[in-house]
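Reading through the structure tokens given below for one structure.
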Amino acid sequence: MISFFLFAIVNILVVLILAPFYISLIKKVKALFQGRKGPKLFQAYYNLLKLFKKESIYSTNSSFIMRVAPYINIICSIVAILFVPLLFIPDNYFGFGNIILFLYILALAKFFMALAGLDAGSTFGGMGSSREMSISSIIEPIVIIIFATLAFVYNSVNFFEIFGATSVGLVHASLWLLLIPLIIVLLTETARIPIDNPETHLELTMVHEAMILEQSGKNLALMELSSGVKQVLLMAIIINLFFPIGFNLPLSLIGIGTSLIAFLIKSIILAISIGIIESFIAKSRLFRLPIIFAIAFLLSLITLMMEMLL
Amino acid sequence: MVLLITAVFLILLLSIVIPLIGLKLKHSSLRKISLILIMLACLISIFLSLQVLLGKDISFQIFVSGTAFSMLIDSLAAFFIIIISIVGFCVSIYSISYAEHFESVKKRNFLVSLMALFILSMMFVVISHNLLGFLFFWELMSISSFLLVLFDYEKEETKKAGIFYFVMTQLGTIFLIFSFILIYINTGTLDFTNTSLSPFLSSILFITLAIGFGTKAGMVPFHKWLSYAHPASPSSISALMSGVMIKVAIYGLIRFLFIISQQQLWWGIAILIFGTISALLGIIYALKEQDLKRLLAYSSIENIGIILISIGLYMIFTYYSLPAIALVALFAGLFHAFNHSLFKSLLFMTAGSVVNATHTKNIEKMGGLVKNMKYTSLLFLIGAISISALPPFNGFVSELMIFQVFFKSNSISSPLIKLILMISMSLFALTSALAAACFVKAFGIVFLAVPRSKEAKEAKEADKFMLVGPAILAILCMVIGVFSFQILNFIGEKAGVSFDLPNLLWISIGTFIIGVIAYLIIRNIGNKHSRVSETWGCGINSQNSKMEYTASGFSEPIVTIFSSIYQPKKINKPTFYDSKGVIFKEGQASLSLIKFFEEYLYLPPLKMVHYISEKLYKIQNKIDLDSFILYIFLTILALLIIVGVVIR
Amino acid sequence: MNPVLIDELLKISLVLLVILTTIIISRRNLVSLINVYSLHSLVLSFIAILFFLSEGNYTFLFAAALTIISKSVLIPILLRWTKWHMKIFTDIEYHYLKPVSSIFVSLLIIIFSFFIFSKIKDYLGLSSLYYFGVIIGFSLVMIGFMIIFSRRKIIVKIIGYLVMENGVVLLSLFIGEMPLLIEMMVLMDLLVLVAITCILGFGMDSSMEEFHKKLNPFHNWFNRRAKK
């Protein structure tokens, strides 16, 4: 019980505090690759603070959805944090940790975000939510197959149990193959190149940005923060599955501290590599995305096939 | 107990008759009495079936002209009676106001009376434990629903829909009759008893049953009537038909599957595959639909697909003698049937309110209704969240159960089956994600942004009865979702099944606490001021409804991605003033989606029947006497030859 | 080396082969197509090296070296040279199958061959991993076929052919008849070389259709002769 509360507080604080950092880190890496100096490493924090201090503007057309959606987003994200152990695994987890529930809580956030995109009656918002929903629905089979593979191998659908099992290393080296589709899922869910371009405000490339175009002030800050949280969570899934060094040390102050430092190092490396991946590939056309997803689907399905049949 | 059933029967009979007495009475009192009677009957039967679920089965016999028709309420029947009663209850409340919207007084009375008949027949289909009785009430259900579909019989579209529905449902019944005959020949009794057929005959029995019930349930490829009948019929009836009637078909399928002994593996696989196809195609067709009620009808096909998937899983796991997992699958299917009946009736009723307010079913002409129809939109939103299987609502729980059954397929020995299950699982995941997209579209386009027509702008909130009926269902959706762990654990203990579900109650409480804390923190550190201003319209002064995203625009990416399923036909015929094709004169451009099942599956047999009957018509329609005498002569000759050959 | 690790590496490289093949199906850019092909062959030679490590037979090492030299280096160079002569950079046309549907067809092919071979699995007497390798080999052959008929440009057709050939090598690696393997590889490579030189010799353009157009003047010439 106590360990769960400790877990909840540590997890939520760590993720919320770290979330903006990776946004600006990836921006910095990309800027360096483009020969620019790039923003400061803590720029995202300043941005969020600035947005929090600004007044929010609602469209005359908008309804309660617009006002509710940012809160639902941030609350869903915070609840989702409780599903993914970051540093250590508590003794008891009170029904948290179910993978499918985790996915669908994020989907609930996305549902309201898409509705908010349609709410203001702007063309951009509608376009964004239409594209976001299409992309997120065709990525879904891949996500499910990835987690089904894990469920088969570890005979569990709970993040806590799976991470507990992987903290000593993967059972099969062939599970490393899941890294590729997981990174594709990460890029998709966090709206990164080649699926989406978070930098531009150009209608041809906008997906996620278009959807939250009508948000402002505090609400925009909440939306940005929750997408940052989502990014950290997906990164944490990848890190704890494939690079579990320093994860789940014995529960003590030193243990948690060591895990935190290990997680920081690993996640910074992962974020930098995401930046590098983004710098190396071009934005794909919207209707060529199904090819990427089909390849990822094939990869994950064949991995699953191997795990089941061999 | 039997007394209560008789009471239900009599009350429903009374509520059929009462409106017919004062057929031309303009005052609504008789209709109200009748509807209240229906509610009473529903409450009694809920009570009754809860007794059955907690205690033991009720069985009795009815004697009609010397023949005994046995009736049985076991837990399965009781479960479906609960579905019928809950939805029937809410629809009756809704109808108190809804029935008054029709112009002609006669129609109002007929609506109530037929609705009572419809509910009565559905209840007794479920109770019947006898082939003839089942068939009788089944047909009564078909005919009453047919009359209800034909309710707006003045419209050409409705006539077509009614006839389409009638033909489809009767074709289904033919298959049912055939299978009932097979059962009767085998068992020698009209009661439901286990058959002992040869593998070949039992396969035939399975196929006929699957087609017969599948037609009624809306299984692809026999689903087409749903998309015609639902938009045509009154919304309260659509709610009943989609929420309950297609579940009665599912009940029939499950009931008769229990009867057939020696189940074969391929049956389960076939049900699974057809279920997956229904789910996927249903939601894909729903996504591109512009007619609100037709969209909901296609989504019903999707949900029937999901229920069939879990029935298929049940059969497959039973074949591999893994009863623990198989039972979870069956319960998942039943639970989804229950959930679907709740949220689909909710959606149909709120859609009916919207259609009443805006006088159109086309969602391209709606929009902005959230301002005038606050409560209706909230109810629709709850329905949309539940049907998109988002937590903590009930739709999520049943899909979660199905996913967990899929995740356990590793215990099956055959690799082929495992692979089929995996592919089916990924398509199922795709389906539920597409459902979310579909209902973002439905809610966003109908209720949000700027009104797209004058009617939508002037829409009025629905009456209080039209809010109370759906509201009960909405609350049920939420309560069942949040307390799913407790409810299912309770059921699981009775049935000896363990569901490995996350405790949504804890999670909801956790979410609530986090939400309150987060809200307080955000309120304190954030800027409290807000301002209302116009949406940025790229420099245009005032934004109008033509600048919004449309429904077809919303589904365009998905239509393009799944273009091999939609097969969009683009016709573009320009004519030019000059020979080089530079100065445009006039032209025709159209975009249509292929109606695959109608063009390739339904029409060819129809054409063949046409062809044959044309030939027969020529034979029959000769006017001269001689040819008829010739026919008689030839017939007698043929008979003589047959007799001569056969009797020897 | 640890046999379990070798098995896992074998699995990974088999899946990578399939994935690289699907990338070949869907890529339009010829430069990256050729690069992916050389990577494809590299993975194949890696499999041969794994075989060497597990069985210690030097023929495997020889085969791996041969594969690297011929397929990852020589043939890509030849292909690049050809591409440079043809002055084409992309192949954006597809026949019969669009990229996404061909990826799903290849998935179906893999599943299908899985069940075709499950009938003769006992006859072959293979362990399940080797059996999987045979399946992937066979499906590579089929997918190569698919690339050949679904792409338009000759150079991509050649790559499809080479993928087929890699599939044959994979099959023979897993079924395990080495002399045949060497023979086939040399034979196939020769064939490819012949094909490429043929194209160069003809001065053929990017696709068969273009080539037919080029032949057309002669056709007319013959017709004219006949009329006279």
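The values are calculated or read from the model by the stated rules, or taken from the named source; none is laboratory data. All values derive from a computational prediction rather than experimental measurement. We place every Cβ from the backbone using ideal geometry, glycine too, and count neighbours over all the protein chains shown.
The one condition from (1) in contact (Cβ under 8 Å) with a residue 24 or more places away in the chain; (2) buried (at least 16 other Cβ atoms within 10 Å of the Cβ); (3) more than 10 Å from chain A (Cβ to nearest Cβ); (4) of a type outside the set (Val, Ile, Thr) that residue C:124 does not meet is (2).
For region B:382-398, name all the residues that are at the interface with chain A (Cβ under 8 Å from one of its Cβ atoms) and assigned to a helix (DSSP H, G or I). Walk me through how you get there before you give the answer.
Here is the first cut: in region B:382-398, the residues at the interface with chain A (Cβ under 8 Å from one of its Cβ atoms) are B:385, B:388-391, B:396.
Once the filter is applied, which keeps residues that are at the interface with chain A (Cβ under 8 Å from one of its Cβ atoms) and assigned to a helix (DSSP H, G or I), region B:382-398 yields B:385, B:396.
Which of the residues that make up region A:164-190 are more than 30 Å from residue A:133 (Cβ to Cβ) and in a helix (DSSP H, G or I)? Give the derivation first.
Taking region A:164-190 and keeping what is more than 30 Å from residue A:133 (Cβ to Cβ), we get A:164-176.
Within region A:164-190, A:164, A:165, A:166, A:173, A:174, A:175, A:176 meet the criteria.
Among the residues making up region B:191-225, those that are in a helix (DSSP H, G or I) and in contact with a helix residue (DSSP H, G or I) (Cβ under 6 Å, 6 or more places away or on another chain) are B:205, B:206, B:208, B:209, B:211, B:212, B:213, B:215, B:216, B:217, B:224, B:225.
Filtering region A:55-68 down to residues that are surrounded by fewer than 17 Cβ atoms within 10 Å (Cβ to Cβ) and at the interface with chain B (Cβ under 7 Å from one of its Cβ atoms), which residue is nearest to residue B:542 (Cα to Cα)? Outline the logic, then answer.
From region A:55-68, those surrounded by fewer than 17 Cβ atoms within 10 Å (Cβ to Cβ) are A:55, A:60, A:64, A:67-68; that's our starting set.
Now restrict to residues that are at the interface with chain B (Cβ under 7 Å from one of its Cβ atoms): A:55, A:60.
Details: A:55: 23, A:60: 11 Å.
The extreme case among them is A:60.
If only residues of region A:93-143 that are more than 7 Å from chain B (Cβ to nearest Cβ) and either free of Cβ contacts under 8 Å to residues at least 40 places away in the same chain or small (Gly, Ala, Ser) (or both) are counted, the one that is surrounded by the most Cβ atoms within 10 Å (Cβ to Cβ) is A:117.
Going residue by residue through region B:444-463, is there one that turns out to be within 30 Å of residue A:310 (Cα to Cα), more than 10 Å from every other protein chain (Cβ to nearest Cβ), of a type outside the set (Val, Ile, Thr) and part of a helix (DSSP H, G or I)? It would help to see each step written out before you state the result.
Step one: of region B:444-463, the residues within 30 Å of residue A:310 (Cα to Cα) are none.
So far as region B:444-463 goes, no, none of its residues is within 30 Å of residue A:310 (Cα to Cα), more than 10 Å from every other protein chain (Cβ to nearest Cβ), of a type outside the set (Val, Ile, Thr) and part of a helix (DSSP H, G or I).
Every listed requirement among (1) part of a loop (DSSP other than H, G, I, E, B); (2) more than 19 Å from residue B:440 (Cβ to Cβ); (3) aliphatic (A, V, I, L, M) is met by residue A:206 save one, (2). Considering only residues in region C:21-36 that are of a type outside the set (Val, Ile, Thr) and in contact with a helix residue (DSSP H, G or I) (Cβ under 7 Å, 6 or more places away or on another chain), the one that is nearest to the other protein chains (Cβ to nearest Cβ) turns out to be C:26.
Here residue C:2 clears all of (1) over 13 Å from the mean Cα position of the chain (by Cα); (2) at pLDDT 90 or above except the condition numbered (2). Of all the residues in region A:281-295, those that are in contact (Cβ under 8 Å) with a residue 40 or more places away in the chain and within 14 Å of chain C (Cβ to nearest Cβ) number 8.
For region B:46-63, a residue qualifies if it is farther than 17 Å from residue B:6 by Cβ and either aromatic (Phe, Trp, Tyr) or in a helix (DSSP H, G or I) (or both), and the qualifying residues are B:50, B:53, B:54.
What do you reckon, is residue A:193 surrounded by fewer than 18 Cβ atoms within 10 Å (Cβ to Cβ) and either more than 14 Å from every other protein chain (Cβ to nearest Cβ) or without any contact (Cβ under 8 Å) to a residue 24 or more places away in the chain (or both)?
On the way: surrounded by fewer than 18 Cβ atoms within 10 Å (Cβ to Cβ): no; either more than 14 Å from every other protein chain (Cβ to nearest Cβ) or without any contact (Cβ under 8 Å) to a residue 24 or more places away in the chain (or both): yes.
In short, no.
Across region B:488-497, the number of residues qualifying as crowded, with 16+ Cβ neighbours inside 10 Å and either more than 14 Å from chain A (Cβ to nearest Cβ) or in a loop (DSSP other than H, G, I, E, B) (or both) comes to 3.
Restricting attention to strands (runs of 3 or more DSSP E) lying wholly within region B:516-615, give those where 3 or more residues are in contact with a Ser or Thr (Cβ under 9 Å, 6 or more places away or on another chain) and away from chain A (no Cβ under 14 Å).
On the way: elements: B:530-533, B:568-576, B:584-593.
Output list reads B:568-576, B:584-593.
Considering (1) more than 21 Å from residue B:347 (Cα to Cα); (2) surrounded by 24 or more Cβ atoms within 10 Å (Cβ to Cβ); (3) of a type outside the set (Asp, Glu), say which one residue B:219 fails and leave the rest. Of (1) more than 21 Å from residue B:347 (Cα to Cα); (2) surrounded by 24 or more Cβ atoms within 10 Å (Cβ to Cβ); (3) of a type outside the set (Asp, Glu), only one is false for residue B:219: (1).
Picking from B:53, B:40, B:72, which residue would you name as being surrounded by fewer than 20 Cβ atoms within 10 Å (Cβ to Cβ), at pLDDT 90 or above and not assigned by TED's automatic domain parsing to the domain that holds residue B:357?
One residue alone meets the criteria, B:40.
Residue-by-condition table, conditions (1) within 14 Å of chain B (Cβ to nearest Cβ); (2) in contact with a Ser or Thr (Cβ under 8 Å, 6 or more places away or on another chain); (3) closer than 21 Å to residue A:87 by Cβ; (4) buried (at least 18 other Cβ atoms within 10 Å of the Cβ):
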| position | (1), (2), (3), (4) |
| --- | --- |
| A:223 | yes, no, no, yes |
| A:245 | no, no, yes, no |
| A:250 | no, no, yes, no |
| A:261 | no, no, yes, no |
| A:277 | no, no, no, no |
| A:297 | yes, yes, no, yes |
| A:303 | yes, yes, no, yes |
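For the criterion of being at pLDDT 95 or above, of a type in the set (Val, Ile, Thr) and part of a helix (DSSP H, G or I), residue B:307 passes. When you look at residue B:481, is it assigned to a helix (DSSP H, G or I), more than 14 Å from chain A (Cβ to nearest Cβ) and not aliphatic (A, V, I, L, M), yes or no? When the stated conditions are applied, residue B:481 does not pass them. Note on region C:149-159: among residues that are more than 14 Å from chain A (Cβ to nearest Cβ) and at pLDDT 85 or above, the one that is nearest to the chain's Cα centre (by Cα) is C:159.
Examine region A:69-86 for a residue that is surrounded by fewer than 20 Cβ atoms within 10 Å (Cβ to Cβ) and either within 11 Å of another protein chain (Cβ to nearest Cβ) or under 15 Å from the mean Cα position of the chain (by Cα) (or both), and state whether such a residue exists.
At the first step, the residues of region A:69-86 found to be surrounded by fewer than 20 Cβ atoms within 10 Å (Cβ to Cβ) are A:71.
Then keep just the ones that are either within 11 Å of another protein chain (Cβ to nearest Cβ) or under 15 Å from the mean Cα position of the chain (by Cα) (or both); that gives A:71.
Checking region A:69-86: at least one residue is surrounded by fewer than 20 Cβ atoms within 10 Å (Cβ to Cβ) and either within 11 Å of another protein chain (Cβ to nearest Cβ) or under 15 Å from the mean Cα position of the chain (by Cα) (or both).
I'd like to know if region B:145-168 contains one or more residues that are acidic (Asp, Glu) and part of a loop (DSSP other than H, G, I, E, B). Yes; the residues of region B:145-168 include at least one that is acidic (Asp, Glu) and part of a loop (DSSP other than H, G, I, E, B). When residue B:500 is tested against (1) within 27 Å of residue B:305 (Cβ to Cβ); (2) facing chain A (nearest Cβ under 9 Å); (3) assigned to a helix (DSSP H, G or I), exactly one condition is not met: (3). Within region C:74-113, being of a type outside the set (A, V, I, L, M), in contact (Cβ under 8 Å) with a residue 60 or more places away in the chain and in a helix (DSSP H, G or I) holds for C:82, C:83, C:85, C:99, C:102, C:106. Taken as a whole, region C:56-70 holds at least one residue that is away from chain A (no Cβ under 14 Å), in contact (Cβ under 8 Å) with a residue 60 or more places away in the chain, of a type in the set (A, V, I, L, M, F, W, C) and in contact with an Asp or Glu (Cβ under 9 Å, 6 or more places away or on another chain). Screening residue C:5 against (1) farther than 22 Å from residue C:139 by Cα; (2) touching a Leu at 6+ places or on another chain (Cβ under 9 Å); (3) within 14 Å of chain A (Cβ to nearest Cβ) leaves a single unmet condition, (2).
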